[in-house]
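Read-outs: derived from the displayed coordinates by stated rules, not from any lab. Predicted model only: the values in this text are computed from it and were never measured.
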Amino acid sequence: MCRSLQRGRFHAAAAVLGRKTGAEHRWLERHLKDPFVKATKQQNYRCRSAFKLLEMDDKLRILRPGLSVLDCGAAPGAWSQVAVERVNALGADPTVPTGFVLGIDLQHISPLAGAVFLSEADVADPATLRTILSLLPAGKVDVILSDMAPNPTGIRELDHQKLIKLCLGLLDLSQSVLKPKGTLLCKFWDGQDSRLLQGRLKEQFQDVRTVKPQASRKDSAESYYLARLYKGK
Ligand SMILES: C[S@@+](CC[C@H](N)C(=O)[O-])C[C@H]1O[C@@H](n2cnc3c(N)ncnc32)[C@H](O)[C@@H]1O
């Protein structure tokens, strides 16, 4: 779940109970001052995370009209909103090619014009791969996005390892669904296995870099690997 939504529910529950902890007060204060939270509401994005992808795409040109995109861990759908705009999935601009966006999540994803969603599906499940393949109009995609995150346990090293495992699974998925020269953008939480993931990515992509967008909180271990020019068949 998008962290701001998660926190929102947590806070609402605490407010109903009439007791807030110091940590909640600090979180609420930071949340209310956050320019990305305001911009999320103003620009009708489903989640603050939209600004991470917008920023990375503005700088690094990951998406363009006509590309097909698989958005892993898509709920509530903010990255898919950005992808629909940037690949012209709705055909809003008739002067450029029309792209395609497929979003997947363990949770329910509310419908979004221009995107196809596969809700309540685990990316790591082989049955999901078969469904993905049946939904892709061109058989493979140009870009795999992953903002996936397991439910945090609070144990930093354990959470890190779980997310690295999910990212390594994306490399297997790439073999079946990513076009040669395609791009993979995946979130990871930094830790001892980050280099392992980076090494695997370098084996399979010609260009791998680490990106930490401004919209990603400075005190978070979150970063992204952007892997370009997939060497696969
Ligand atoms: C930070 S949220 C993604 C926010 C999303 N990028 C957006 O902008 O709306 C992380 C998501 O990853 C999903 N997730 C975690 N593990 C997954 C898995 N194995 N398969 C599919 N989705 C998964 C979670 O359910 C959660 O919704």
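In whole Å, what is the distance between the alpha-carbon centres of region 180-200 and region 56-133? Here the two parts' Cα centres lie 20 Å apart. A cut-off of 5 Å between modelled amide H atoms, ignoring neighbours fewer than 5 places along the same chain, links Lys20 with no other residue. Calculated mean residue ellipticity at 222 nm for the chain: -13500 deg cm²/dmol, from DSSP H runs with n ≥ 4 weighted as -39500 (n - 2.57), summed, divided by the residue count and rounded to 500.
Dividing the mean sequence gap of close Cα pairs (under 8 Å, 6+ apart) by how many residues the chain holds gives a relative contact order of 15 percent.
Computed from Cα atoms, the angle from the helix 50-60 axis to the main principal axis of the chain rounds to 40 degrees.
Out of every Cα pair in region 66-183, what percent are spaced more than 18 Å from each other? Roughly 50 percent, once rounded to a whole number.
For the chain, the alpha-carbon radius of gyration amounts to 1.01 times the rule-of-thumb value 2.2 N^0.38 Å expected for a compact globular protein.
Rounded to the nearest Hz, the phi-derived 3J(HN,Hα) couplings of region 82-98 under the Karplus curve 6.51 cos²θ - 1.76 cosθ + 1.60 (θ = phi - 60°) are 4, 4, 4, 5, 6, 9, 6, 5, 8, x, 4, 10, x, 8, 10, x, 9, where x marks glycine and proline.
A Cα-only calculation for region 153-206 places Rg and Dmax at 11.9, 38 Å.
Compared with the dominant Cα axis of the chain, that is its longest principal axis, helix 126-135 is turned about 70°.
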